[in-house]
Amino acid sequence: MARKALERAERRLARVTKTIVALRRALQRREARALTNASPKVAICRVFGRRYCGQALRVSWCESRHSTRAVNGQYLGLFQMGWSERRLFGHGEKAHQQAIAAHRYFVRSGRDWSPWSCKPWYDYS
């Protein structure tokens, strides 16, 4: 009797676990869709996280005024990355894609903003 109850509980647990996995995947897909169309500020903060959000926003404001379409010679996008940086770290039309590429570059450079001429500690108001 107890064995049958245990088997039923295990089957129920397996079904619930599958449901949870499916719901998590659906939520991740929904969040990914929302991020692809996120505003530059939202995308930057989601990618750089709480610790570097403010700094990244200041650098992006200085570089492009938060415009994904900003162009300055070979330098493009929110963080004005050059062609070799875009080749190494990626790029895209959407703010989220550009923020991911800039974050990769930021991490690779030691998280010190050295690759950018704009620094987060300058006053850009």
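FYI, it's all coordinate maths here, none of it is from the lab. Just so you know, these numbers come straight off a predicted model, no measurement behind them. Cβ placement follows ideal geometry from the backbone for every residue including glycine, while neighbour counts extend to all protein chains displayed.
Key figures for this structure:
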quantity	calculated
Fewest-first ranking of V42, V47, using other Cβ atoms within 10 Å as the exposure measure	V42, V47
In nm, spacing of pseudo-spin labels at R50 and D123 (7 Å Cα→C-beta vector)	2.9 nm
Max mean-square fluctuation residue, GNM over the chain, Cα-Cα springs under 10 Å, options G92, G49, G73	G73
Order of H96, H91 under a 10 Å beta carbon neighbour criterion, fewest first	H91, H96
Crossing angle, helix 2-36 versus the chain [Cα axis fit, 0-90 degrees, rounded to tens]	20 degrees
Inter-part distance where the stretch 96-121 and the stretch 12-44 are each reduced to a Cα centre, Å	27 Å
Ranking of E93, E63 by count of other Cβ atoms within 10 Å, fewest first	E93, E63
Inter-probe distance in nm under a simple model that places probes 7 Å from Cα toward Cβ, at W83 and Q28	3.7 nm
Net charge dipole size for the chain [Lys, Arg +1 and Asp, Glu -1 on Cβ; Debye, nearest 20]	1020 debye
Highest-MSF residue in the chain out of L35, L57, L23 [GNM, Cα springs under 10 Å]	L23
Lys pairs, the chain - Cα-Cα below 25 angstrom, 8 or more residues apart or on other chains	4
Candidates I44, I20, I100, ranked by Gaussian network fluctuation over the chain, Cα under 10 Å, top entry	I20
Over the chain: helical MRE at 222 nm, DSSP H runs n ≥ 4 each giving -39500 (n - 2.57), nearest 500	-22500 deg cm²/dmol
Helix 40-64 vs. the chain, principal-axis angle (Cα, 0 to 90°, nearest 10)	20 degrees
Cα gyration tensor of the stretch 13-125 - equivalent ellipsoid semi-axes, whole Å, descending	31, 15, 13
Relative contact order of the stretch 39-125, defined on C-alpha pairs under 8 angstrom at six or more residues apart (%)	29 percent
